[in-house]
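The values are calculated or read from the model by the stated rules, or taken from the named source; none is laboratory data. Computed from a prediction, not measured in an experiment: that's the story for all the values here. Here Cβ is always computed from backbone atoms with ideal geometry, including for glycine, and neighbour counts include all displayed protein chains.
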Amino acid sequence: MTVMAEEIRQSPQLVREQLEASGPALGTVADAVRRTRPRWVSVVARGTSDHAAVFARYLIETQLGWPVALASPSVTTVYRAPTDWTGGLVLAVSQSGRSPDLVAVVEAARRGGALTVAVTNVAGSPLELAAAYTVPCRAGEERAVAATKSYVAELAALAGIVAALVPDSDLAAALRRVPDALDRTLAAASAWFAGAGGAGDGCGLELVEAVAVAGRALVVSRGFNLATALETALKLKETGRIFAEGYSSADLEHGPIALASAGVPTLVFRPDGPMGAAIDPAADRARSLGARAWTVGGLEVAGAPDALAITALAELPECLTPLALILPGQLLAEAVAVLLGLSPDAPSGLSKVTLTR
């Protein structure tokens, strides 16, 4: 087993441990947010953490009703443009907490009067020191270059922050069910990618082979799981050198649907409910153009061709399904790399920490 695969499988337990240990930090942050009553939120991140930021945007806007923007660090570090930070919450997300541009934005925001909170996996990092408050990811050391368990930990920490601000919500009530749902998701996805059901039955093994042979893929979702599509596409790029593009199903239909064809495997992350129904037309359109589209989702896709139905998703509100649905995406990327004879643990040209300015 690769290190990447081992670390993917650690996600349920680390989320369980994070939930048990993070109460004091989440309570402190929630108290600070209630005192300052921010009018807006800016999330600053890079790479994989950028996709955690996309998740945070949907989560905060739907659960708290506050407008959220994704920060552009170069406004601060390159253009050096003055920014009015007053009345805002700046949320920085970074596995290492070391990228100078993220630190610079948090320092400027704190000086400018914003409430600053860091979500990071490394205690004592420059980002933690720059922010007024920190919520630790508690993912432990991540040895594989491609971030997997630390991404899930970021999502869990962000969900914990929001749940602490709305303790009577469905989100807060369901958060404790996440670790068990992740365990069950891993079991279902591992069996699917191992070829359970047999060749020709739309199993995940066929998806792995199709992506490896094509060298390209479309990954599609919408809403909370737009983050899942973007992150899965990134993992395919990082570990398997696959030209993978992640899209909102709505954006896909505004032009990029032209990429869909028989030679482009398509993976659709489809949660149950209204959002799933909103995603279906884009997937159907891709199929009509010749693409073979696999679907990973909940009970509503059970029995559909080329589909993995994860029953554990029924235990979670849609806003928490990205913590589970990313696991099949990570397993896919790892399996494609291995099939191509590449090391998903140490992809050529990549390093664990990237320092941008």
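Tell me, yes or no, whether region 87-102 has at least one residue that is without any contact (Cβ under 8 Å) to a residue 40 or more places away in the chain and within 24 Å of the chain's Cα centre (by Cα). The answer is yes; a qualifying residue exists.
There is no residue in region 281-293 that is closer than 30 Å to Q18 by Cβ and either out of contact with any His (no Cβ under 7 Å at 6 or more places or on another chain) or not assigned by TED's automatic domain parsing to the domain that holds L102 (or both).
For G140, the requirement of being within 27 Å of G329 (Cβ to Cβ) and either buried (at least 22 other Cβ atoms within 10 Å of the Cβ) or in the same structural domain as T76 (by TED's automatic domain parsing) (or both) is met. Among the residues making up region 265-284, those that are surrounded by 15 or more Cβ atoms within 10 Å (Cβ to Cβ) and within 21 Å of E206 (Cα to Cα) are P265, T266, L267, V268, F269, R270, A283.
If only residues of region 95-127 that are of a type in the set (A, V, I, L, M) and outside any helix (DSSP H, G or I) are counted, the one that is surrounded by the most Cβ atoms within 10 Å (Cβ to Cβ) is V119. Scanning region 293-320 for residues that are among the aliphatic types (A, V, I, L, M) and in a loop (DSSP other than H, G, I, E, B) gives A302, A304, I310, L316. For region 284-319, filtering for residues that are out of contact with any strand residue (DSSP E or B) (no Cβ under 6 Å at 6 or more places or on another chain), touching a residue at least 12 places away in the same chain (Cβ under 8 Å), over 18 Å from L186 (Cβ atoms) and of a type outside the set (A, V, I, L, M) leaves 8.
Among the numbered conditions (1) hydrophobic (A, V, I, L, M, F, W, C); (2) in the same structural domain as T232 (by TED's automatic domain parsing); (3) at pLDDT below 95, the only one that A324 does not meet is (3). Selection within region 238-258: residues that are part of a helix (DSSP H, G or I) and buried (at least 19 other Cβ atoms within 10 Å of the Cβ). The member of this set that is farthest from the chain's Cα centre (by Cα) is I257.
Could you say whether any residue in region 124-131 is under 20 Å from the mean Cα position of the chain (by Cα), under 30 Å from T239 (Cα atoms) and of a type in the set (A, V, I, L, M, F, W, C)?
Quick first cut of region 124-131, residues under 20 Å from the mean Cα position of the chain (by Cα) only: none.
Looking for residues that are under 20 Å from the mean Cα position of the chain (by Cα), under 30 Å from T239 (Cα atoms) and of a type in the set (A, V, I, L, M, F, W, C), one finds none in region 124-131, hence no.
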